[in-house]
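The values are calculated or read from the model by the stated rules, or taken from the named source; none is laboratory data. This one's a predicted model, so the numbers in the text were calculated from it and none came from an experiment. Heads up, the Cβs are rebuilt from the backbone with ideal geometry, glycines too, and the neighbour counts pull from every protein chain shown. In case anyone asks, the SASA skips ligands and DNA or RNA and just uses the protein heavy atoms, side chains included. Shrake-Rupley method; radii C 1.70, N 1.55, O 1.52, S 1.80 Å.
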Amino acid sequence: MKPILLQGHERSITQIKYNREGDLLFTVAKDPIVNVWYSVNGERLGTYMGHTGAVWCVDADWDTKHVLTGSADNSCRLWDCETGKQLALLKTNSAVRTCGFDFGGNIIMFSTDKQMGYQCFVSFFDLRDPSQIDSNEPYMKIPCNDTKITSAVWGPLGECIIAGHESGELNQYSAKSGEVLVNVKEHSRQINDIQLSRDMTMFVTASKDNTAKLFDSTTLEHQKTFRTERPVNSAALSPNYDHVVLGGGQEAMDVTTTSTRIGKFEARFFHLAVEEEFGRVKGHFGPINSVAFHPDGKSYSSGGEDGYVRIHYFDPQYFEFEFEA
């Protein structure tokens with residue numbers, strides 16, 4: 001399995017995301033550049049220029065017309081995917097940590113950090129209403145008083161959002177009323193990443209408490225746990241196999257205090273049903289910050305603290321692999 005190496009960032013990768021068809025891969029990092037690549041050969045298609053700070057999150061809508069990015073420059077920006085033109089600039093009071101389009105691509109949500117005396121909020125904008133964009137007034141804003149949101153995704157059918165908090169809590173907020181529908185606390189520390197399954201019935205969380213967990217996306221019922229020895233920064237579910245890939249490694253500030261063995265920064269594959277690890281992929285020179293499966297399940301990508309994105313196409317053995325419990 002020879003990876004394709006994407007070198008388009010000068011700083012560590014914060015998030016990578018495929019579009020729905022999987023022909024494009026969007027990458028953002030702690031530099032202001034938003035890159036888009038062809039996933040088949042790793043060729044760079046273009047960049048979206050305009051941010052002036054680290055970019056924390058990226059999302060593409062259902063038909064890949066628009067791209068949404070949220071940044072530490074206190075803005076969330078909407079781009080035309082094809083031309084790279086900036087369509088909207090939504091200013092915030094603090095850094096934008098997570099962002100996402102709902103299933104129809106008409107409504108966006110983003111969450112802002114609790115910093116500089118400002119609270120953590122989730123804001124909802126309807127892109128069909130230009131007055132919301134022009135006046136920078138979301139149609140709904142949910143305050144999160146207790147602990148800040150560190151990752152969030154739209155739930156099935158765009159009826160709610162599922163948010164992971166710094167405390168390890170998971171909340172399901174209604175996208176209509178803004179109330180908390182379900183609240184669970186299965187993790188003991190910060191939730192770094194949430195990713196839905198292809199059919200949106202389940203999602204996997206990655207946490208600083210060294211585990212990734214599988215939940216039901218409507219009831220938030222906890223189903224499986226995948227344990228490692230290090231903080232998990234990202235986890236993704238395979239669209240066509242019962243596999244989950246975990247990326248992690250120790251915190252950037254702890255890296256210098258531990259041994260240099262490169263094996264700490266592996267992507268780890270677990271079997272979904274039996275919660276057993278069955279494979280590892282080496283390669284990054286630092287913790288893996290984001291992992292994503294290609295929508296066809298034939299490849300996966302990882303973005304690391306080393307600023308590289310690696311696209312891995314699976315060998316035929318992977319598809320013939322039978323897990324023996």
> Within segment 93-144, which residues are surrounded by 21 or more Cβ atoms within 10 Å (Cβ to Cβ) and among the polar types (S, T, N, Q)?
Replying inline: Thr98, Ser111, Thr112, Ser123
> Is it fair to say Thr64 is assigned to a strand (DSSP E or B), among the hydroxyl-bearing types (Ser, Thr, Tyr) and at pLDDT 90 or above?
Replying inline: no
>> Considering only segment 76-84, I want to know if a residue exists there that is in contact with an Asp or Glu (Cβ under 9 Å, 6 or more places away or on another chain), farther than 22 Å from Gly297 by Cα and not small (Gly, Ala, Ser).
In response: yes
>> Can you tell me how many residues within segment 267-297 are farther than 18 Å from Gln195 by Cα, open to solvent by 50 Å² or more (accessible area, probe 1.4 Å) and in a loop (DSSP other than H, G, I, E, B)?
In response: 4
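Yes/no per residue for (1) touching an Asp or Glu at 6+ places or on another chain (Cβ under 7 Å); (2) under 18 Å from Thr219 (Cα atoms); (3) in a helix (DSSP H, G or I):
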site	(1), (2), (3)
Asp146	no, no, no
Leu157	no, yes, yes
Ile162	no, yes, no
Gln172	no, yes, no
Gly178	no, yes, no
Arg198	no, yes, no
>> Restricting to segment 180-193, name every residue that is farther than 15 Å from Glu221 by Cα and assigned to a loop (DSSP other than H, G, I, E, B).
In response: Ser188, Arg189, Gln190
> If you go through segment 301-316 one residue at a time, do you hit one that is surrounded by fewer than 24 Cβ atoms within 10 Å (Cβ to Cβ), at pLDDT below 95, out of contact with any strand residue (DSSP E or B) (no Cβ under 9 Å at 6 or more places or on another chain) and not hydrophobic (A, V, I, L, M, F, W, C)?
Replying inline: yes
> Identify, please: which residue in segment 125-154 is hydroxyl-bearing (Ser, Thr, Tyr) and under 27 Å from Ser234 (Cβ atoms) and is, among those, nearest to the chain's Cα centre (by Cα)?
Replying inline: Ser151
> Taking into account only those residues within segment 24-47 that are more than 22 Å from Gln86 (Cα to Cα) and in contact (Cβ under 8 Å) with a residue 12 or more places away in the chain, which is most open to solvent (accessible area, probe 1.4 Å)?
Replying inline: Val40
>> When you check Leu170 against the structure, is it in contact (Cβ under 8 Å) with a residue 12 or more places away in the chain and under 21 Å from the mean Cα position of the chain (by Cα), yes or no?
In response: yes
>> For segment 114-136, give me each residue that is outside any helix (DSSP H, G or I), modelled with pLDDT of 85 or more and more than 23 Å from Ser207 (Cβ to Cβ).
In response: Ser123, Phe124, Phe125, Asp126, Leu127, Arg128, Asp129
> Can you name every residue in segment 69-92 that is touching a Phe, Trp or Tyr at 6+ places or on another chain (Cβ under 6 Å) and either of a type in the set (Phe, Trp, Tyr) or open to solvent by less than 10 Å² (accessible area, probe 1.4 Å) (or both)?
Replying inline: Gly70, Cys76, Trp79
> Is it fair to say Gln223 is within 25 Å of Glu322 (Cα to Cα), over 18 Å from the mean Cα position of the chain (by Cα) and either surrounded by fewer than 16 Cβ atoms within 10 Å (Cβ to Cβ) or modelled with pLDDT under 90 (or both)?
Replying inline: yes
